[in-house]
Amino acid sequence: MFNEAVIKEIDEIRVKYPDRKSALLPALYIAQREFGWLSNEAMSCVSETLNLPEAFVRGTASFYSMFRHKEVGRHLIQLCTNVSCMILGAERLIDFLNTKYGIQKNGTSEDGRFSLVEMECIGACGTAPAMLVDTDFYEDLTEENIVGILEQYK
Ligand code: FES
């Protein structure tokens with residue numbers, strides 16, 4: 001079960017809406033923050049806290065790609081590999097991340113520090129390649145500056 005602070009945080013969101021179903025997405029986001037991903041336990045906690053059927057919670061969560069449905073490393077790198085980023089070196093960066101940190105595409109480094117997924121355009125085509133690390137946005141990536149960026153994430 002969530003701790004009291006998390007239950008209070010979800011309750012404060014819930015009362016902003018006329019229907020508790022409307023608080024489901026922010027509650028799932030909080031659950032993901034707390035558990036690192038939406039495990040069965042995390043979704044049961046959301047179901048219980050919002051008093052919504054588990055099937056409804058799971059069905060909603062499964063629709064959105066922003067929710068993680070399997071365990072990931074402490075930090076999630078989402079690297080854009082759409083056209084502009086690909087032309088400007090995203091594939092090279094993926095190879096570099098694999099060589100330097102041992103992170104495969106859709107995999108997690110052995111130390112559990114990073115997971116890496118490809119993503120579609122994140123709206124930074126003019127300053128590609130671009131990525132998110134957790135919720136932080138980075139652009140103009142190179143093999144040189146990506147090391148400095150990732151140093152911030154232990
Ligand atoms: S193609 Fe990567 S940000 Fe648009």
- Given Cβ charges of +1 for Lys and Arg and -1 for Asp and Glu, the option among 73, 137, 2 whose Cα lies farthest towards the positive end of the dipole of the chain is 2
- Message: Restricting the calculation to Cα positions, tell me the Rg (one decimal) and the Dmax (whole number) of the range 4-63 in Å.
- Response: 10.2, 29
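Mind running the shape call on the chain? Use the C-alpha gyration tensor, a ≥ b ≥ c as the square roots of the eigenvalues: rounded below 1.5 for a/c, prolate if a/b tops b/c, oblate otherwise.
prolate
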- Task: Take the Cα atoms of the range 41-107, build their convex hull, and give its volume per residue in Å³.
- Result: 101 Å³
- Item | Stokes-Einstein diffusion coefficient of the range 75-151, Kirkwood radius over Cα pairs, 4 °C, 1.567 mPa s, in µm²/s | 108 µm²/s
- Query: How high is the relative contact order of the chain, in percent, with contacts defined as C-alpha pairs under 8 Å that are six or more residues apart?
  - Reply: 18 percent
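Each value in this text was obtained by applying a stated rule to the coordinates, not by laboratory testing. Model, not experiment: these values are computed from the prediction. Cβ sites come from the backbone with ideal geometry, for glycine too, and all protein chains shown count toward neighbours.
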